[in-house]
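**Student:** Here you go, one structure.
What follows is calculated from the coordinates using simple rules that are stated; it is not laboratory data. Note that the structure is a prediction, hence the values are computed from the model and not measured. Ideal geometry is used to build each Cβ from the backbone, glycine not excepted, and the neighbour counts take in all protein chains shown.
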Amino acid sequence: VDSIAPAVATADLSGGKAVFDITNPGSADWNVKLYQRDLTLENGASYEVKFNICSSAARTVKWGLMTTTYDWYDGQDLQLAAGEVMQVNYTVNVQKPTSNVIDFYISMGMIEGVETPGSTIEISDVSIIKK
């Protein structure tokens, strides 16, 4: 969990879910994020990425898989409707060399060029499973 200035956010990771109370989304999407570091993915394999996400305000969030040196593997921008749970179910087909430093992240900070209000965002049931 990261909340990097100028963002103002708190996170509660209890109860099997992550709840972010974002007062100020900051100046970049990565200013507020939930992440898992050091995933090991295999070149040529497919993975099913699943999670549920809900925001108290209509807004965009991003999720993705990339290395700490910003080598992009896959991801999506998600347009969330206020108060509606979105069930993400996405297949990632790994088509390039991999290492054990791939990060999964959900970015909830300011999305460039898009109005990004403060909101409460709840994330649950996150999984990345090799198919």
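**Student:** What FRET efficiency, computed as 1/(1 + (r/R0)^6) with R0 = 22 Å and r the Cβ-Cβ distance, is obtained for ASN43 and VAL85, rounded to the nearest 0.05?
**Tutor:** Details: r = 33 Å, r/R0 = 1.51.
Approximately 0.10, to the nearest 0.05.
**Student:** Let me ask something else about it. To the nearest Å, what is the center-to-center distance of region 71-131 and region 1-63, using C-alpha atoms only?
**Tutor:** Between the Cα centres of region 71-131 and region 1-63 lies a distance of 7 Å.
**Student:** Right, something else. What's the extension gain from THR69 to ALA28 if we count 0.36 nm per residue and subtract their Cα-Cα distance?
**Tutor:** Working: separation 41, 0.36 × 41 = 14.76 nm, distance 1.74 nm.
The span from THR69 to ALA28 would gain 13.0 nm if fully extended.
**Student:** Over region 1-50, what is the relative contact order in whole percent, taking alpha-carbon pairs under 8 Å and six or more residues apart? Display every interim value, and only then the final one.
**Tutor:** Details: 58 pairs, mean separation 17.9, N = 50.
For region 1-50, the relative contact order is 36 percent.
**Student:** Treating the chain as a set of equal point scatterers at the Cα positions, no solvent, please give the Debye-formula log₁₀ I(q)/I(0) at q = 0.13, 0.14 Å⁻¹.
**Tutor:** One equal scatterer on each Cα of the chain leads to -0.52, -0.60.
**Student:** Another one. Place the peptides 5-12, 51-58 in order of packing, highest mean first, counting for every residue the other Cβ atoms within 10 Å and averaging per peptide.
**Tutor:** Working: 5-12: 15.6, 51-58: 18.6.
By packing density, highest mean first, the sequence is 51-58, 5-12.
**Student:** Mind giving me the FRET efficiency for VAL101 and SER56? R0 is 41 Å, r the Cβ-Cβ distance, nearest 0.05 is fine.
**Tutor:** For VAL101 and SER56, the calculated efficiency is 0.75.
**Student:** Hey, another quick one. How high is the relative contact order of the chain, given as a whole-number percent (alpha carbon pairs under 8 Å, six or more residues apart)?
**Tutor:** Numbers: 351 pairs, mean separation 49.8, N = 131.
Computed over the chain, the figure is 38 percent.
**Student:** Then there is this: Would you grab the residues whose amide H sits under 5 Å from the one on ALA57? Only those 5+ places off in sequence or on another chain, please, with H modelled 1.01 Å from N.
**Tutor:** Amide H to amide H, under 5 Å and 5 or more residues apart or across chains, ALA57 pairs with GLY83, THR120.
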